[in-house]
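**Student:** This is the structure I have questions about; it appears just below.
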Amino acid sequence: MSPVVKDYFVEARANAEKTLAKVKALCAEEGVNADTQIIQGEISSDGILKAVEELGSDLIVIGSHGRKGLPKKA
């Protein structure tokens with residue numbers, strides 16, 4: 001992996017961790033117990049199914065790249 005690509009993934013993960021920490025804090029303010037997880041290195045559907053089986057999740061929220069989707073509330 002080239003240094004540029006590696007730096008991209010390091011920065012992307014750091015941004016994801018920061019965003020997930022904010023989301024978890026917002027959930028806590030509303031009395032919602034939320035766990036966050038970054039799944040990396042797997043085919044998306046396989047990673048999601050594996051997480052569901054391991055965590056017994058009631059709800060899974062999947063983020064987008066921010067280019068489309070629901071308008072941001074913040």
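**Student:** Using the Cβ atoms and a cut-off under 11 Å, what net charge is assigned to the surroundings of residue 39, where Lys and Arg are +1 and Asp and Glu are -1? Let's see the in-between values first.
**Tutor:** Values: positive: 50; negative: 42, 46, 54.
Every neighbour counted, the sum reads -2.
**Student:** Mind pulling the angle between the C-alpha long axis of helix 44-55 and the longest principal axis of the chain? Nearest 10 degrees, somewhere in 0 to 90.
**Tutor:** 40 degrees
**Student:** Over the chain, average the accessible area per residue using a 1.4 Å probe and give it in Å², no decimals. Could the numbers behind the result be given before it?
**Tutor:** Numbers: 7050 Å² over 74 residues.
Result: 95 Å² of accessible area for each residue.
**Student:** Taking all protein chains in place and a 1.4 Å probe, what share, in percent, of the accessible surface of the chain do carbon and sulfur account for?
**Tutor:** Values: 4010 of 7050 Å².
With neighbouring chains kept in place, the figure for the chain is 57 percent.
**Student:** If you line up the long axis of helix 3-29 against the longest principal axis of the chain, both from Cα atoms, how many degrees apart are they, to the nearest 10?
**Tutor:** The answer is roughly 10 degrees.
**Student:** Residues in segment 19-49, backbone N under 16 Å from the label point at residue 60 (7 Å along the Cα-to-beta-carbon vector): list them, ranges by number please.
**Tutor:** 35-49
The values are calculated or read from the model by the stated rules, or taken from the named source; none is laboratory data. Please read these numbers as outputs of a predicted model, since none were measured by experiment. Cβ: placed from backbone, ideal geometry, glycine included. Neighbour counts: every protein chain shown. These area figures cover heavy atoms from the full protein model, side chains too; ligands, DNA and RNA do not enter into them. Shrake-Rupley method; radii C 1.70, N 1.55, O 1.52, S 1.80 Å.
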